[in-house]
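Asker: Before we start, here is the structure in question, set down as structure tokens.
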Amino acid sequence: MFNLFKKRNENDKFINQVVGGQSVIFSIFKEAFEEDDTAVNKAELTYFALSVFTYTFLRLSKMADDRKEVIADEVALEVLQKSVPYANKRLSVKEAAHEYQNRYQEYNTLINAMFKDEKIDSNACTTLMMHLYECVMGKSAEKKMIQISVASPLLAQYVVDHVDFLKQFDK
């Protein structure tokens, strides 16, 4: 009623979920890992948040596969357009899109390993958190293993929240 001048994008709910997810993961890096804001690779946080969304969306949505792929691509492009200017790397949206495609393949495999017999596999979650740390920080996670163990359940909850979020659209 009061959105007189704003055209609503049907993907806004998904875009907002991904952008909000970036903030959650960023908080983990600041609070659990005590990393400096400027040291955190924000572009990598975007690739990860998009990967979690895409993974869960492609597997959970009951839409036709071709429609799911179109929406996943539209959401990814919109999120990259919104996020790239704030990344601490100088990237074009085209470069970020290409990098996201590459990173998705990696994250997809690791996220998939988390789901075991209808439960979240905590060891796979720890592996994913360790890999994410190394990708985001560009250094070994060896000295952060205690923090990774503590942060892994937060990451698992983050993924479960995406599952719950997406389930509400296919009722």
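Asker: Before rounding to the nearest 500, sum -39500 (n - 2.57) across all DSSP H runs of length at least 4 in the chain and divide by the residue total; then give [θ] at 222 nm in deg cm²/dmol. Walk me through the numbers on the way to the answer.
Answerer: Values: 6 runs with 119 residues, N = 171.
Taken over the chain, the calculation gives -24000 deg cm²/dmol.
Asker: Which pairs in the list K94/K167; K89/K144; K89/K116; K94/K116; K119/K139; K62/K116 are over 27 Å apart, alpha-carbon to alpha-carbon? Mind dumping the intermediate values first?
Answerer: Working: K94/K167 31 Å; K89/K144 24 Å; K89/K116 36 Å; K94/K116 35 Å; K119/K139 30 Å; K62/K116 21 Å.
In this structure, K94/K167; K89/K116; K94/K116; K119/K139 lie more than 27 Å apart at Cα.
Asker: Using only the alpha-carbon atoms, how far is helix 145-167 inclined from the longest principal axis of the chain? Give it as 0 to 90 degrees, nearest 10.
Answerer: 20
Asker: Calculate the dipole size of the chain relative to its Cα centre from +1 charges on Lys and Arg beta carbons and -1 charges on Asp and Glu beta carbons; express the result in debye to the nearest 20. Each step should come with its number before you reach the end.
Answerer: Working: 22 positive and 25 negative charges, 79 e Å.
With only Lys, Arg, Asp and Glu charged at Cβ, the dipole is about 380 debye.
Asker: Here's a follow-up. Can you tell me, using C-alpha contacts under 8 Å and at least 6 residues apart, the relative contact order of the stretch 12-167 as a whole percent? Walk me through the intermediate numbers first.
Answerer: Values: 147 pairs, mean separation 45.4, N = 156.
Rounded, it is 29 percent for the stretch 12-167.
Asker: Okay, next question. Considering the dipole of the chain built from charges on the beta carbon (Lys and Arg +1, Asp and Glu -1) around the Cα centre, which of V150, V79, V40 is farthest to its positive end?
Answerer: Of the options given, the answer is V79.
Asker: In addition: Please list the three semi-axes, largest first and in whole Å, of the ellipsoid equivalent to the chain, using sqrt of 5 times the eigenvalues of its alpha carbon gyration tensor. Don't skip to the answer; put the middle values down first.
Answerer: Values: eigenvalues 133, 82, 43 Å².
Semi-axes (√(5λ), whole Å): 26, 20, 15.
Asker: In nm, give the distance between the simple-model label positions of S149 and Q81, each being 7 Å from the Cα along the Cα-to-Cβ direction.
Answerer: Output for this residue pair reads 4.6 nm.
Asker: Hey, fewest Cβ within 10 Å first, where do M137, M145 land in order?
Answerer: Working: M137 17, M145 13.
Fewest-to-most Cβ neighbours within 10 Å comes out as M145, M137.
Asker: Among 115-123, 128-136, 9-17, 152-160, how do they line up by average Cβ neighbours within 10 Å per residue, starting with the highest? Don't jump to the answer; show the numbers that get you there.
Answerer: Values: 115-123: 11.6, 128-136: 21.3, 9-17: 15.1, 152-160: 17.7.
So the peptides 115-123, 128-136, 9-17, 152-160, ranked by packing, come out 128-136, 152-160, 9-17, 115-123.
Asker: Taking the Cα-to-Cβ direction at E10 and at E134 and moving 7 Å from each Cα, how far apart do the two end points lie in nm?
Answerer: The two pseudo-label positions are separated by 4.1 nm.
Asker: Further question on the same structure: Could you list R59, R67 so that the one with the fewest beta carbons within 10 Å of its beta carbon is first and the one with the most is last? Walk me through the intermediate numbers first.
Answerer: Numbers: R59 13, R67 10.
Listing R59, R67 from fewest to most nearby Cβ atoms yields R67, R59.
Asker: With just the Cα atoms defining each centre, how far is the stretch 101-171 from the stretch 52-74? Give it in Å.
Answerer: The distance from the Cα centre of the stretch 101-171 to that of the stretch 52-74 comes to 19 Å.
Asker: Amide H neighbours of I120 under 5 Å, counting only residues 5+ apart in sequence or on other chains, H built in-plane at 1.01 Å?
Answerer: Under 5 Å from the amide H of I120 lies no amide H from a residue far enough along the sequence or on another chain.
Bear in mind that the values in this text are calculations on the coordinates, not laboratory data. Predicted model only: the values in this text are computed from it and were never measured. Reconstructed Cβ throughout: ideal geometry from the backbone, glycine too, with neighbour counts over all protein chains shown.
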